[in-house]
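Following: one structure in structure tokens, then a few remarks.
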Amino acid sequence: MNPIGIIQSCFKSKFGIPRQPGLSPSARATLELLPPYNRPEAVRGLEAFSHLWLLFVFHDHLGQTWRPTVRPPRLGGNQRLGVFATRSPFRPNPLGLSAVALEGMDCGAGGVVLHLGGTDLLDGTPVLDIKPYLPYADARPDARSGFAPEAPAEQLRVRFPETVELACRHWENQGYPELRELIREIVRLDPRPAYLPRNLQRDQFGTRLLDFEVRWQVAGAEATITEVLFLHQTPLPLP
């Protein structure tokens, strides 16, 4: 199979990516279709749908050994279930499936780009197929959900100290308008490995979002954002 397109995502590292799509509405991405699939007629009518299914490759797991049992984070990271009873990336064929919001389309002589919201995809993810989401067939309110019957609760309060708040406002005015909200949505879900004791104290956690290195500390039920560092050039002086 050949990828039909490549994701450009706000998630530049695996740590911090929501474990399901839709948990972070501000997590946006683009899907740029590749030749020969980047023809406007190939997506004709897609604009009528609000959501899409994406079938993709866990490209960061290529070459890794599959596991017959895995430890779902929703069960605390210590109880094992069969891999086919989970959405773990450690699969015989490292394929993923995400339902994402379609927020816009750019079609022209230069190709086709889809603008997506509520994503859970690592930057550079190869996409194998796109299918429209059909609520009457795909949403089954009477379905059983096993060990994950509802969306995970927000686990952490997120605090921005004044200096970090100023830095974020500065970068929001420089072309990153939802920076604070994106950070808040990611950190409040507590992306720490589920098997770590929740009273474990570590100096710092961090991940890459957009063009930033974001770092935070956790104490009890509160996460404090300690740094938001721009990665590509010397930051401009803060006001």
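The values are calculated or read from the model by the stated rules, or taken from the named source; none is laboratory data. Because the structure is a prediction, the values reported are computed rather than measured. Note that we place each Cβ from the backbone using ideal geometry, even for glycine, and neighbour counts take in every protein chain shown.
When the stretch 62-95 is filtered for residues that are surrounded by fewer than 16 Cβ atoms within 10 Å (Cβ to Cβ) and small (Gly, Ala, Ser), the ones remaining, listed by number, are GLY63, GLY76, GLY77, GLY82, ALA85. Count of the stretch 152-187 residues, restricted to those that are within 16 Å of the chain's Cα centre (by Cα) and free of Cβ contacts under 8 Å to residues at least 24 places away in the same chain, is 1. A count restricted to the stretch 83-114 and to residues that are among the hydrophobic types (A, V, I, L, M, F, W, C), more than 21 Å from the chain's Cα centre (by Cα) and over 13 Å from ARG67 (Cβ atoms) stands at 3. Checked against the criteria, VAL158 does not count as β-branched (Val, Ile, Thr), under 22 Å from LEU52 (Cβ atoms), touching a strand residue (DSSP E or B) at 6+ places or on another chain (Cβ under 6 Å) and not in a loop (DSSP other than H, G, I, E, B).
Pick from the stretch 123-155 the residues that are part of a loop (DSSP other than H, G, I, E, B) and modelled with pLDDT of 95 or more: which of them is farthest from ALA219 (Cα to Cα)? Checked the stretch 123-155; the qualifying residue farthest from ALA219 (Cα to Cα) is LEU134. Looking for something more than 30 Å from GLN217 (Cα to Cα) and either in contact with a helix residue (DSSP H, G or I) (Cβ under 9 Å, 6 or more places away or on another chain) or of a type outside the set (D, E, K, R) (or both) - is there at least one such residue anywhere in the stretch 15-22? The answer is no, given that none of the residues of the stretch 15-22 is more than 30 Å from GLN217 (Cα to Cα) and either in contact with a helix residue (DSSP H, G or I) (Cβ under 9 Å, 6 or more places away or on another chain) or of a type outside the set (D, E, K, R) (or both). Scanning the stretch 103-122 for residues that are assigned to a strand (DSSP E or B) and touching a Gly at 6+ places or on another chain (Cβ under 6 Å) gives GLU103, HIS115. Within the stretch 61-84, residues that are of a type in the set (A, V, I, L, M) have Cβ atoms under 6 Å from residues that are assigned to a strand (DSSP E or B) in these pairs: VAL83/VAL70, counting only partners at least 6 apart in sequence or on another chain. Which one of these does VAL100 not meet: (1) surrounded by fewer than 18 Cβ atoms within 10 Å (Cβ to Cβ); (2) closer than 30 Å to GLU178 by Cβ? Here VAL100 clears every test but (1). The combined condition, being hydroxyl-bearing (Ser, Thr, Tyr), in contact with a Cys (Cβ under 9 Å, 6 or more places away or on another chain) and in a loop (DSSP other than H, G, I, E, B), is fulfilled by TYR176.
The residue pairs whose first member lies in the stretch 42-60 and is closer than 22 Å to LEU95 by Cβ, whose second member is polar (S, T, N, Q) and part of a strand (DSSP E or B), and whose beta carbons are closer than 6 Å, counting only pairs six or more residues apart or on different chains, are LEU54/SER98. Being exposed (fewer than 15 other Cβ atoms within 10 Å of the Cβ) and under 28 Å from SER50 (Cα atoms) is a condition met by no residue of the stretch 187-206. Any residue in the stretch 66-84 that is closer than 23 Å to ALA29 by Cα and either touching a Pro at 6+ places or on another chain (Cβ under 9 Å) or not assigned by TED's automatic domain parsing to the domain that holds LYS14 (or both)? Within the stretch 66-84, none of the residues are closer than 23 Å to ALA29 by Cα and either touching a Pro at 6+ places or on another chain (Cβ under 9 Å) or not assigned by TED's automatic domain parsing to the domain that holds LYS14 (or both). In the stretch 1-102, counting only strands (runs of 3 or more DSSP E) that sit wholly within it, the ones holding 2 or more residues that are touching a Leu at 6+ places or on another chain (Cβ under 9 Å) and either among the small types (Gly, Ala, Ser) or at pLDDT below 95 (or both) span 5-9.
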